[in-house]
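Below you'll find the structure, written out as C-alpha cells, and then a few comments.
The values are calculated or read from the model by the stated rules, or taken from the named source; none is laboratory data. It should be emphasised that the depicted structure is a prediction, and the values quoted were computed from it without experimental measurement. Please note: Cβ atoms are built from the backbone with ideal geometry, for glycine as well, and neighbour counts cover all protein chains shown.
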C-alpha cells in the first residue's frame, strides 16, 4: 500500500492505495466520494467521469497512484456548499435531464468539460461530446436539452421532439 | 486485476532503468487499453512503469515540414495542437474513442500496442513517420510487424513520433460503433514524391500499405484513378461486424472517399 494524496474539490485528501487501485475505487471507497458512479467498469459508460487537472477522464480507467498530487473534481464539488445547484445541475433538473440518475454524475462532469472548451455547443457537438457517456434510461434528448439550456441557448427548437 | 507495483519515473532514463531492472515490468502509457486488459487478467506484469509524468515525452513541435509529437502526448492534445500544422492528423486524433479516453490515451501507447484496428498506425505509416525510441529511430515501414507486434524490443519505449506533413491528406474511418475503433480506416497522404495509402482495421497482418492504390494515385491524384482497383478478400480479418469481402470492399470505398476529401 502507498499513501496517495490529492486535492479533491479544492480540499486536500489522502488515503492508502495499492498499485492496482483504480481512481474510481479510491474516490469512492477510500475517500468516501460515492457520487462518482461505476457503471460498466470497462470505460464505456462514462458514469465515473471526473476531472483530473482540469480535463475529463474515466476514473475507472486510471490508477489512483497516477493522480498523486493532482487536482481532482467530482460531482460533489459542483453544487455550492449550501446545496444550491450549479447552472448545469439546475438545467438538468429543469429539463428533466435525468431519470434514474445513475449516469448523471458523469453527464454533469462531461458537460462541465464540454462547456469549458466550447461555451455554446450545437446540438450535434453536444451529442458527439457525450459519445462516451451512456444513459441506460436512454434519456438523451432531455440531457441534450439541459445542456443547451445550461449554455444559455434557446431550447424551443428541441422541445417538440 | 492481479497485484502489481507502480513506478512513476520523471525522465526517460529512469523509465528505461525501471523497465530494465525487472523482466516482468511493463510500460504504462495512458492506460486506455492496458488497464482494461489488466482488469480481464489477460496480463500480469509485476510492475507498471508509468510514462505520464515524464515531461520530455510531452508536447508537440512543428517546423512546417515535420510535426514532432512526444510519445506521452494524449490524443486530445494532438487533436487541438496540430489542427493548423497537420489537419488530417488532428481530425484522426480527435475521433479516437471519446473525449475522456482522448485525455488519457497517448500516441506512443497506441503505436507500441499496434492494435490492428487502431487509428494512429495508419497515420504513422501513411505519413512515413519516424518512431523515435529511447534507443534508436525506426522508420514506420520497418516498425509495424503484425497484430500487436512491433519492432520494439523488450523495455524499449516510444519517446517521440516525427511525422512528415503531406501536401494533402485525409483519413476515413468506418467506425465500429461499439468499440469506436476502425472497422476499416484508410489514411491517404500525398507528398511531392508520391502518394502513400495505409489501411488499418482490415488485414490479419495489421496495418499495411496498399501498393496498387499508391501507384495509381501517384500518377493521378483523383478518385477516378482508383476505378477498378480492388483488394483481395484473402488475408482480411472477419468477425461478426464484417466479413473478409466486406472489409476488402470498404478499403476501396474509403480510399476513394479519402482521396476525394483530400484533393
Restricting attention to the stretch A:90-107, and to residues there that are touching a strand residue (DSSP E or B) at 6+ places or on another chain (Cβ under 9 Å) and away from chain B (no Cβ under 11 Å), which single residue is farthest from residue A:35 (Cα to Cα)? A:107
Residues being within 14 Å of chain A (Cβ to nearest Cβ) and in contact with a helix residue (DSSP H, G or I) (Cβ under 8 Å, 6 or more places away or on another chain) - total across the stretch B:65-77: 5
Any chance you could count how many residues in the stretch B:145-176 are in contact with a helix residue (DSSP H, G or I) (Cβ under 7 Å, 6 or more places away or on another chain), more than 20 Å from residue B:72 (Cβ to Cβ) and surrounded by 18 or more Cβ atoms within 10 Å (Cβ to Cβ)? 6
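On the given criteria, is residue B:107 crowded, with 20+ Cβ neighbours inside 10 Å, within 14 Å of another protein chain (Cβ to nearest Cβ), in contact with a helix residue (DSSP H, G or I) (Cβ under 7 Å, 6 or more places away or on another chain) and in contact (Cβ under 8 Å) with a residue 24 or more places away in the chain?
On the way: crowded, with 20+ Cβ neighbours inside 10 Å: yes; within 14 Å of another protein chain (Cβ to nearest Cβ): no; in contact with a helix residue (DSSP H, G or I) (Cβ under 7 Å, 6 or more places away or on another chain): yes; in contact (Cβ under 8 Å) with a residue 24 or more places away in the chain: yes.
No.
From the list B:43, B:18, B:62, which one is in contact with a strand residue (DSSP E or B) (Cβ under 8 Å, 6 or more places away or on another chain), within 22 Å of residue B:115 (Cβ to Cβ) and more than 9 Å from chain A (Cβ to nearest Cβ)?
Values: B:18 fails: within 22 Å of residue B:115 (Cβ to Cβ); B:62 fails: within 22 Å of residue B:115 (Cβ to Cβ).
Going through B:43, B:18, B:62 in turn, just one is in contact with a strand residue (DSSP E or B) (Cβ under 8 Å, 6 or more places away or on another chain), within 22 Å of residue B:115 (Cβ to Cβ) and more than 9 Å from chain A (Cβ to nearest Cβ): B:43.
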Exactly one of (1) closer than 30 Å to residue A:44 by Cβ; (2) at pLDDT 95 or above; (3) under 16 Å from the mean Cα position of the chain (by Cα) is unmet by residue B:254. Its number? (3)
Considering only the stretch B:49-59, how many residues are more than 13 Å from every other protein chain (Cβ to nearest Cβ) and either buried (at least 16 other Cβ atoms within 10 Å of the Cβ) or within 21 Å of residue B:126 (Cα to Cα) (or both)? 1
Considering only residues that are more than 8 Å from chain B (Cβ to nearest Cβ) and more than 22 Å from residue A:116 (Cα to Cα), look in the stretch A:51-65 and name the one that is farthest from the chain's Cα centre (by Cα). A:64
3 or more residues not assigned by TED's automatic domain parsing to the domain that holds residue B:149: qualifying helices (runs of 4 or more DSSP H) within the stretch B:1-113: B:12-20, B:34-39
Candidates A:151, A:59, A:122, A:156, filtered to the one that is over 25 Å from residue A:11 (Cβ atoms) and touching a helix residue (DSSP H, G or I) at 6+ places or on another chain (Cβ under 6 Å): A:151
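For residue B:161, state whether it is more than 28 Å from residue B:52 (Cα to Cα) and either touching a strand residue (DSSP E or B) at 6+ places or on another chain (Cβ under 9 Å) or at pLDDT 95 or above (or both). Reasoning before the result, please.
Working: more than 28 Å from residue B:52 (Cα to Cα): no; either touching a strand residue (DSSP E or B) at 6+ places or on another chain (Cβ under 9 Å) or at pLDDT 95 or above (or both): yes.
The answer is no for residue B:161.
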Quick one: in the stretch A:134-147, of everything that is within 15 Å of the chain's Cα centre (by Cα) and assigned to a loop (DSSP other than H, G, I, E, B), which residue is surrounded by the fewest Cβ atoms within 10 Å (Cβ to Cβ)? A:134
Please name all residue pairs, on different chains or six or more residues apart, with Cβ atoms under 6 Å, provided the first residue is in the stretch B:134-146 and is at positive phi and the second residue is surrounded by fewer than 20 Cβ atoms within 10 Å (Cβ to Cβ). B:146/B:205
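Yes or no, residue by residue, for (1) assigned to a loop (DSSP other than H, G, I, E, B); (2) not assigned by TED's automatic domain parsing to the domain that holds residue B:71:
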site: B:154; (1), (2): yes, no
site: B:177; (1), (2): yes, yes
site: B:184; (1), (2): no, yes
site: B:189; (1), (2): no, yes
site: B:199; (1), (2): no, yes
site: B:214; (1), (2): no, yes
site: B:229; (1), (2): yes, yes
site: B:233; (1), (2): yes, yes
Test residue A:131 against the criterion of being assigned to a helix (DSSP H, G or I) and within 12 Å of chain B (Cβ to nearest Cβ), and give yes or no. yes
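Tell me which residues, restricted to the stretch A:98-128, are part of a helix (DSSP H, G or I) and exposed (fewer than 14 other Cβ atoms within 10 Å of the Cβ). Walk me through how you get there before you give the answer.
Our first condition is that a residue be part of a helix (DSSP H, G or I); within the stretch A:98-128, this holds for A:104-117, A:123-128.
Matches in the stretch A:98-128: A:116, A:124.
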Among the residues of the stretch A:1-50, what is the count of those that are farther than 19 Å from residue B:32 by Cβ and either at the interface with another protein chain (Cβ under 9 Å from one of its Cβ atoms) or in a strand (DSSP E or B) (or both)? 15
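Among the residues of the stretch A:66-89, which ones are free of Cβ contacts under 8 Å to residues at least 60 places away in the same chain, assigned to a helix (DSSP H, G or I) and more than 14 Å from every other protein chain (Cβ to nearest Cβ)? Don't jump to the end; show me each part of the working.
Going residue by residue through the stretch A:66-89, those that are free of Cβ contacts under 8 Å to residues at least 60 places away in the same chain are A:66, A:75, A:78-86, A:89.
With assigned to a helix (DSSP H, G or I) added as a condition, the list becomes A:66, A:75, A:89.
Correct list: A:75, A:89.
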Any residue in the stretch B:86-99 that is surrounded by 24 or more Cβ atoms within 10 Å (Cβ to Cβ), free of Cβ contacts under 8 Å to residues at least 40 places away in the same chain and within 14 Å of chain A (Cβ to nearest Cβ)? yes
